[in-house]
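Novice: One structure coming up, written as structure tokens, with questions to follow.
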Amino acid sequence: MDVKKYAAEAIGTFWLTFAGCGSAVIAAGFPQVGIGLVGVSLAFGLSVVTMAYAIGHVSGCHLNPAVTVGLAAGGRFPTGQIAPYVIAQVIGAVAASALLYVIASGAAGFDVAKGFAANGYDAHSPGHYSLVACFIMEVVMTMMFLFIIMGATHGNAPAGFAPLAIGLTLVMIHLVSIPVTNTSVNPARSTGPALFVGGWALAQLWLFWLAPLIGGVLGGVLYRWLSAQPDGVVAGRTSA
């Protein structure tokens, strides 16, 4: 049933947001044993790997509106399913952010205004990168993410390795782009934390919807051109 696909997307996006953003909020800077940038990058990538094996057969494990839209642009996902998938993903990300806020606020001195793993540009970019630089980074990284997802899930790709390729790609994306935008490439993941930070995070959220969606479409279309006969709808095996 479709409701199971949507539930899987919500659960999967919950896990990605809670594990990925949680690693940044709770573990990245923990005194003397913090996991740092590399650890946060691994957390995001591993969240995708684990969920891809867990729910890939149910929903295709998109966990990301840009992935859903990009796959549709690449001819690998039905356009009529875009809206419910995106809604489910945003619900999962917001629920994860709410739980993370409850846990993080249990520590003395917690201040959500410090960022709460929110994405930003200019003064709110970790490295103070400009709006243009952040836009380009998000478009290019999401484009390559979709390009690799399209290839890894193609019927002619080595069977069983797609989750590893996709998860490792997300690790590489974070290793490069955390200093620039705190890494989005995922509008749902950006929306959850922004709702709790408010203010500047909500004001800048538009970029982290627009740029990933553009990048997703470009990646899907580019791979569709490269491989003239895309094979396999990425929507799980349950009836659509």
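Novice: Would you work out the relative contact order for the stretch 19-68, in percent, from Cα pairs under 8 angstrom that are 6 or more residues apart?
Specialist: 28
Novice: Further question on the same structure: Taking the mean number of other Cβ atoms within 10 Å as a proxy for protection, how do you rank 122-135, 67-80 from highest to lowest?
Specialist: Those peptides, ordered most packed to least, come out 67-80, 122-135.
Novice: Here's something else I'd like to know. Under the Karplus relation 6.51 cos²θ - 1.76 cosθ + 1.60, θ = phi - 60°, what is the ordered set of whole-Hz ³J(HN,Hα) values for the stretch 5-22, x standing for Gly and Pro?
Specialist: The phi angles translate into 4, 5, 5, 4, 5, 5, 5, x, 6, 4, 5, 4, 5, 5, 6, x, 5, x Hz.
Novice: Determine the dipole magnitude for the chain: charges of +1 sit on the beta-carbon of Lys and Arg, -1 on that of Asp and Glu, nothing else is charged, the reference point is the Cα centre, and the result goes in debye to the nearest 20.
Specialist: Approximately 300 debye in magnitude.
Novice: Once every DSSP H run of n ≥ 4 in the chain is given -39500 (n - 2.57) and the sum is divided by its residues, what mean residue ellipticity at 222 nm do you get, rounded to the nearest 500 deg cm²/dmol? Spell out each step's value before the answer.
Specialist: On the way: 9 runs with 155 residues, N = 240.
Estimated from H runs of four or more residues: -21500 deg cm²/dmol.
Novice: Can you give me the angle between helix 36-59 and the longest principal axis of the chain, using Cα atoms only, in degrees from 0 to 90, rounded to the nearest 10?
Specialist: Approximately 40 degrees, to the nearest 10.
Novice: Whenever you get a sec, compute what percent of the accessible area on the chain sits on carbon and sulfur atoms (1.4 Å probe).
Specialist: 72
Novice: Measure nothing fancy, just the Cα-based angle from helix 187-197's long axis to the longest principal axis of the chain, in degrees from 0 to 90, nearest 10.
Specialist: So the helix axis and the longest Cα principal axis differ by about 20 degrees.
Novice: Go through 39-52, 175-188 and give me the packing order, highest mean Cβ count within 10 Å leading.
Specialist: Highest mean packing first, the order is 175-188, 39-52.
Novice: Can you give me the angle between helix 207-226 and the longest principal axis of the chain, using Cα atoms only, in degrees from 0 to 90, rounded to the nearest 10?
Specialist: 30
Novice: Considering the alpha-carbon set of the stretch 56-140 alone, what are its Rg and its Dmax in angstrom?
Specialist: 16.7, 50
Novice: While we're on this one: For q = 0.07, 0.13, 0.15 Å⁻¹, what log10 I(q)/I(0) does the chain give under the Debye formula with an equal point scatterer on each alpha carbon and no solvent?
Specialist: -0.20, -0.71, -0.94
The values are calculated or read from the model by the stated rules, or taken from the named source; none is laboratory data. Keep in mind that what you see is a predicted model, and the values were worked out from it rather than measured. Every residue, glycine as well, gets a Cβ built from its backbone with ideal geometry; the counts of neighbours run over all protein chains shown. Please note that ligands, DNA and RNA were not included when accessible areas were found on the heavy atoms of the full protein model with its side chains. Shrake-Rupley method; radii C 1.70, N 1.55, O 1.52, S 1.80 Å.
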